[in-house]
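Here's the structure, in structure tokens; my notes come after.
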Amino acid sequence: MDIQQLRTFCRVAQRGSVTAAAQELGYTQSAVSRQISALEASIDARLFDRRARGVQLTEHGQCLLPHAESLLERLDAARRDLADLNNLERGGLRVGAFATANAVLVPHALAAFRHVHPNISLSVVEGSTHRQLAWLEAGEVDVAVVSAFPDQRLGDARIDLVRLSDDTMLVAVPRSHRLARRRRLRLRELAEENWIAADSRENDRLLGPVRLRPEYEPVVDFVVREWTAKLGFVAAGLGITLVPSLAARAAPADVALITLHPDERSFRTIYAATAKSRVRSPAADAFLVILRATGTRIRPSSDRRS
């Protein structure tokens, strides 16, 4: 059955007149009659008895009418829902991010997105870059905020990457440390220090520029996984560490963050990743725009001195 024929049928049934229905629909009377005849032919039954004044539903017409009205109502609802998705009036957005990105970058981007699109449901899952790429592949997240050091490759035929910013590594020392008031350091000045490292292969890369120095191997006194814990150990005076600049705003007041000399500076690049094999939703497209703007706007301070 043709949808337009069903719509015309319902309007004729509601008005009880081919002429009135034609006027309301903007058709000629003969066009409405042809649509009704075609619908009757498709079901092999008469739908209306023609009267001197208008038309009246036959038994077949009475049977068809509630089904046609229900079908058209559901079709109209589907069109409204689809339009709402396109207009970001409904739908959801699932964002994956690594821990440091969830300190400032992602929450600021989500807050800006929610302000503009309050009807979109939001969710966040946290995990390493490796896990997030797997989540993208499985369709478990729509957008993933991932990172890579210069010697790492994220390029993949299955992934689209949008560069957000570079995340510079900073030296975190206790506020009472002899170097806490410095604005810039050389790695050789840290040769005698005790370090705090991560217990995961990926996070331990934050000590990469230290390990690459041929003159010494850093002495690691404590191994803790998350950067928040590492900063807590630094604040307690148990050692020093390198932390990403994304974490600068969330660093405790009793921790000083100092930049390395430009010749020794280390950084990782932050990307927004989406799966090429999946059509991006309007919400994901809109979030990518806001995420990119947020990455450009947020410039964490590298010096936390009072």
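Within region 73-126, the set of residues being among the polar types (S, T, N, Q), in a helix (DSSP H, G or I) and free of Cβ contacts under 8 Å to residues at least 40 places away in the same chain comprises N102 only. Selection of region 147-171 for residues being assigned to a strand (DSSP E or B) and within 23 Å of E137 (Cβ to Cβ) yields S147, A148, I159, D160, L161, V162, R163, L164.
Name the residue, out of D160, D156, D142, D151, that is acidic (D, E) and either under 27 Å from P262 (Cα atoms) or loosely packed, with under 14 Cβ neighbours inside 10 Å (or both). From the options D160, D156, D142, D151, the qualifying one is D151.
If you go through region 224-236 one residue at a time, do you hit one that is in the same structural domain as P174 (by TED's automatic domain parsing), hydrophobic (A, V, I, L, M, F, W, C), assigned to a strand (DSSP E or B) and in contact with a Lys or Arg (Cβ under 7 Å, 6 or more places away or on another chain)? For region 224-236, residues in the same structural domain as P174 (by TED's automatic domain parsing), hydrophobic (A, V, I, L, M, F, W, C), assigned to a strand (DSSP E or B) and in contact with a Lys or Arg (Cβ under 7 Å, 6 or more places away or on another chain): absent. Filtered by the rule that a residue be over 29 Å from T241 (Cα atoms) and modelled with pLDDT of 90 or more, region 139-158 gives G139, E140, V141, D142, V143. Answer yes or no: is there a residue in region 26-43 that is farther than 18 Å from M1 by Cβ and not hydroxyl-bearing (S, T, Y). Yes, the conditions are met somewhere in region 26-43. Is there any pair with a first residue in region 216-239 that is touching a residue at least 60 places away in the same chain (Cβ under 8 Å) and a second that is in a loop (DSSP other than H, G, I, E, B) and of a type in the set (G, A, S) whose Cβ atoms are under 7 Å apart and which are 6 or more apart or on different chains, and what are they? What qualifies is G237/S176. Number of residues in region 163-176 that are crowded, with 17+ Cβ neighbours inside 10 Å and of a type in the set (D, E, K, R) equals 2.
Kindly indicate whether any position in region 71-92 is more than 30 Å from L246 (Cβ to Cβ), touching a Leu at 6+ places or on another chain (Cβ under 7 Å), surrounded by 15 or more Cβ atoms within 10 Å (Cβ to Cβ) and not basic (K, R). So far as region 71-92 goes, yes, one or more of its residues are more than 30 Å from L246 (Cβ to Cβ), touching a Leu at 6+ places or on another chain (Cβ under 7 Å), surrounded by 15 or more Cβ atoms within 10 Å (Cβ to Cβ) and not basic (K, R). For region 94-135, the set of residues classified as within 12 Å of the chain's Cα centre (by Cα) and of a type in the set (F, W, Y) consists of F113 only. From the list A144, A138, A148, A172, the one residue that fits, being closer than 18 Å to A99 by Cα and within 16 Å of the chain's Cα centre (by Cα), is A144. Do you know which of the residues in region 180-202 that are of a type outside the set (G, A, S) and touching a strand residue (DSSP E or B) at 6+ places or on another chain (Cβ under 6 Å) is modelled with the lowest pLDDT? Per the criteria, the residue is D199.
Y27 passes every criterion in (1) part of a helix (DSSP H, G or I); (2) under 47 Å from the mean Cα position of the chain (by Cα) apart from (1). Candidates are the residues of region 97-135 that are of a type in the set (D, E, K, R) and out of contact with any helix residue (DSSP H, G or I) (no Cβ under 7 Å at 6 or more places or on another chain); the one that is surrounded by the fewest Cβ atoms within 10 Å (Cβ to Cβ) is R114.
The values are calculated or read from the model by the stated rules, or taken from the named source; none is laboratory data. Remember, it's a predicted structure, so these values are computed and weren't measured experimentally. We place every Cβ from the backbone using ideal geometry, glycine too, and count neighbours over all the protein chains shown.
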